[in-house]
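Step one of this worksheet: look at the structure below.
Read-outs throughout are calculated quantities, based only on the coordinates presented, and are distinct from any laboratory measurement. It should be emphasised that the depicted structure is a prediction, and the values quoted were computed from it without experimental measurement. Here the Cβ positions follow ideal geometry from the backbone for every residue, glycine too, while neighbour counts run over all protein chains shown.
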Amino acid sequence: MLERGLSRLGMVSNRSKSLFYGFLSLTSLMLIWFLSTSVFELIEPRVLPSPVAVVNQLIWIIEVPFSGLTLPGHILSSLERWGWGVFTAMVIGIPVGVLFAWTPWFKSLMNPVFELIHFIPPFAYIPLAVLWFGASTATQAMVVFVAAFPAFVINTQLGVSQVDKILVDAARVYGAGPFATLRRVVIPAAAPSIYTGLRIAISNGWMALVGAELVVGKVGLGFMISQGQENASVATIFVGVITIGWLGVMIDTIVQRSERYVLPWRKNVSLNSG
Amino acid sequence: MPHDNDTNKSIPGQPKLELRHITKRFGKEGAGVLAVDDCSLSVENGEFVCVVGPSGCGKSTLMTVGAGLEDATEGDVLIDGEPAGPPGPRRSVVFQKFALFPSETVEQNIKFGLQMTGVPKSEQESRLVSQLRIMGLEHFRKAYPSELSGGMQQRVAIARALVMQPEILLMDEPFGALDAQTRTILQEEVQRLHREQHYTVLFITHSVEEAVYLGDRVVVMTKRPGRIKKEISLPRDVVWKTGDIEEAAEHPDFITARREIWSLVREEIMAP
């Protein structure tokens, strides 16, 4: 009992320790940034604006449109394209992953194509996407799709192929057809792996989106950064870059935290794996 | 609730489950592994048949074929004299590794087969409740398998099998993965269930004691490729089988039967 209590205390203090170090590293960075720009003026504002200027610019563009939209407007249009891309990749990628795991002939047939696609950088699709969809939401969504799709296929396939055959047998014994087996047994058992795929897809998609927006489009965070460059507004570039990083962290955290609610049976898996 | 016997349409003189000249080969003829070689075995209605044999003798393969999960290379599986076909609600299986669905609660696991076979909702609930009571699982309805001990998980698996009111219960070394104490308690419960409700059971085990205690008849298999070596009928409805296994193990009839069967199994283990 005592040992357990102590180790639990240890865990708590470890966690608050790492939070503290995280806080320390971010504040130190801010402080160095602040001192080297605002206080000692070591670096020209054209090269590195002061944190004060960045915050001012942030507040400014939250209300006043920059290159057509306010900051929340650019964020929303980025999120929309990203959402569509990831969603489509999920809806198509998970079934393809299941088919890869369950039907060897389908995998043999499609895998060469899949491998080829997998090794083409998402940005290489931009010219094609522009020709197909013009400068619309679909263009960027397609780039996000291409970046997110392989993660769903690979991780779903992995998860499904690792499902214990005895569970599939049990489902058959108790009258489940292929679809019910998939829905009630195989997909839930593969869900942790699919979740990993989702997290990879989300971050890959996010990075590809910003890249695509830099090249093509009239809205979005990537576009906003490129406009910052056009207008020689380094502060805007900084606002954009920090927003992109921060949003990425937020989305990943939400998805990571949601796992225990979406997969409630996982909470005790480590306690009793026998 | 006693087991409803009118679903067990038994035909006199006709075995409930019959495995007729079953041969199972994995891989190509000649090159593959011959797991089971021409095994014939029948289980009468209400009979508890145990299959024992050395590890790897193909007894689990025999059960998998009997359950319809795998096709025999040669031979037939018959229920009431008719081809048994694919798995279905007439046969329930309890697996050695429990095979509970990890993402479903105890309740969902037990209801699974009822839902798949279209049992009406109200009946699902009443059958679930009575099965939870029989297996002592009332307080674990909402628990996930990962929250339960091995013994409790196997109770859930047995409940999932029995709730189907199957005509035949196939059990593949169901207590092999449990600790000794839990195993003893579950053996006694299965004995009690069989006595009270007259299930037709094909039970695979490597434990001679378990086979003697539970079985009405014990089938001994040879080492691979598995063939039937000998069948031994045991006295039914004797007093020592109604008690606990410790007591039963002291009875002279038990000791004689165990010795006879063990010497048969030993021959197979020691055979070159």
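Kindly indicate whether any position in segment A:252-261 is more than 13 Å from every other protein chain (Cβ to nearest Cβ), assigned to a helix (DSSP H, G or I) and either buried (at least 19 other Cβ atoms within 10 Å of the Cβ) or basic (K, R) (or both).
yes
Across segment B:121-147, which residue is farthest from B:S92 (Cα to Cα) among those that are touching a residue at least 40 places away in the same chain (Cβ under 8 Å) and not in a loop (DSSP other than H, G, I, E, B)?
Here the answer is B:S146.
Taking A:L209 as meeting all but one of (1) touching a residue at least 12 places away in the same chain (Cβ under 8 Å); (2) assigned to a helix (DSSP H, G or I); (3) within 23 Å of A:L48 (Cβ to Cβ), write down the number of the exception.
Of (1) touching a residue at least 12 places away in the same chain (Cβ under 8 Å); (2) assigned to a helix (DSSP H, G or I); (3) within 23 Å of A:L48 (Cβ to Cβ), only one is false for A:L209: (3).
Hey, A:I166 hits all of (1) surrounded by 20 or more Cβ atoms within 10 Å (Cβ to Cβ); (2) in contact with a Lys or Arg (Cβ under 8 Å, 6 or more places away or on another chain); (3) without any contact (Cβ under 8 Å) to a residue 60 or more places away in the chain but one; which does it fall short on?
A:I166 satisfies every listed condition except (1).
Which of the residues belonging to segment B:134-150 are at the interface with chain A (Cβ under 9 Å from one of its Cβ atoms) and not small (G, A, S)?
Scanning segment B:134-150 gives B:Y144, B:P145, B:E147, B:L148.
Just a yes or no: is a residue in segment A:132-153 assigned to a helix (DSSP H, G or I), without any contact (Cβ under 8 Å) to a residue 40 or more places away in the chain, out of contact with any helix residue (DSSP H, G or I) (no Cβ under 9 Å at 6 or more places or on another chain) and of a type outside the set (D, E)?
No, segment A:132-153 contains no residue that is assigned to a helix (DSSP H, G or I), without any contact (Cβ under 8 Å) to a residue 40 or more places away in the chain, out of contact with any helix residue (DSSP H, G or I) (no Cβ under 9 Å at 6 or more places or on another chain) and of a type outside the set (D, E).
Farther than 25 Å from A:P188 by Cβ, in contact with a helix residue (DSSP H, G or I) (Cβ under 6 Å, 6 or more places away or on another chain), polar (S, T, N, Q) and surrounded by 18 or more Cβ atoms within 10 Å (Cβ to Cβ) - does that describe any residue in segment B:198-220?
So far as segment B:198-220 goes, yes, one or more of its residues are farther than 25 Å from A:P188 by Cβ, in contact with a helix residue (DSSP H, G or I) (Cβ under 6 Å, 6 or more places away or on another chain), polar (S, T, N, Q) and surrounded by 18 or more Cβ atoms within 10 Å (Cβ to Cβ).
Can you tell me which residue in segment B:68-91 is nearest to B:H21 (Cα to Cα), limited to those that are charged (D, E, K, R) and within 11 Å of another protein chain (Cβ to nearest Cβ)?
So, considering only residues that are charged (D, E, K, R) and within 11 Å of another protein chain (Cβ to nearest Cβ), the one nearest to B:H21 (Cα to Cα) is B:E70.
Would you confirm whether any residue within segment A:226-233 is surrounded by 21 or more Cβ atoms within 10 Å (Cβ to Cβ) and within 22 Å of B:Y144 (Cα to Cα)?
no
Filter the helices (runs of 4 or more DSSP H) completely within segment B:148-261 down to those with at least 1 residues that are under 17 Å from the mean Cα position of the chain (by Cα).
B:150-162, B:180-197, B:208-214
In segment B:92-112, what residues are hydrophobic (A, V, I, L, M, F, W, C), under 15 Å from A:W265 (Cβ atoms) and more than 7 Å from chain A (Cβ to nearest Cβ)?
B:F98, B:L100, B:V106
For A:A176, work out the one condition from (1) surrounded by fewer than 19 Cβ atoms within 10 Å (Cβ to Cβ); (2) within 14 Å of chain B (Cβ to nearest Cβ); (3) in a loop (DSSP other than H, G, I, E, B) it doesn't fulfil.
Failed condition: (1).
May I ask you to list the residues in segment B:113-133 that are of a type in the set (S, T, Y) and more than 9 Å from every other protein chain (Cβ to nearest Cβ)?
Scanning segment B:113-133 gives B:S122, B:S126, B:S130.
Quick grid of which residues meet (1) under 23 Å from B:E209 (Cβ atoms); (2) among the acidic types (D, E); (3) touching a Leu at 6+ places or on another chain (Cβ under 8 Å):
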{"residue": "B:F140", "(1), (2), (3)": "no, no, yes"}
{"residue": "B:A159", "(1), (2), (3)": "no, no, yes"}
{"residue": "B:V163", "(1), (2), (3)": "no, no, yes"}
{"residue": "B:M171", "(1), (2), (3)": "yes, no, yes"}
{"residue": "B:G176", "(1), (2), (3)": "yes, no, no"}
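Out of all the residues in segment B:18-61, which are surrounded by fewer than 18 Cβ atoms within 10 Å (Cβ to Cβ) and basic (K, R)?
B:R20, B:K28
Considering only segment B:262-272, how many residues are assigned to a helix (DSSP H, G or I) and either small (G, A, S) or in contact with a Cys (Cβ under 8 Å, 6 or more places away or on another chain) (or both)?
2
Taking A:A170 as the residue in question, decide whether it is farther than 30 Å from B:A67 by Cβ and either away from chain B (no Cβ under 14 Å) or part of a helix (DSSP H, G or I) (or both).
No.
If you go through segment A:45-75 one residue at a time, how many are touching a residue at least 40 places away in the same chain (Cβ under 8 Å), closer than 26 Å to A:I32 by Cβ and among the polar types (S, T, N, Q)?
Here the count works out to 2.
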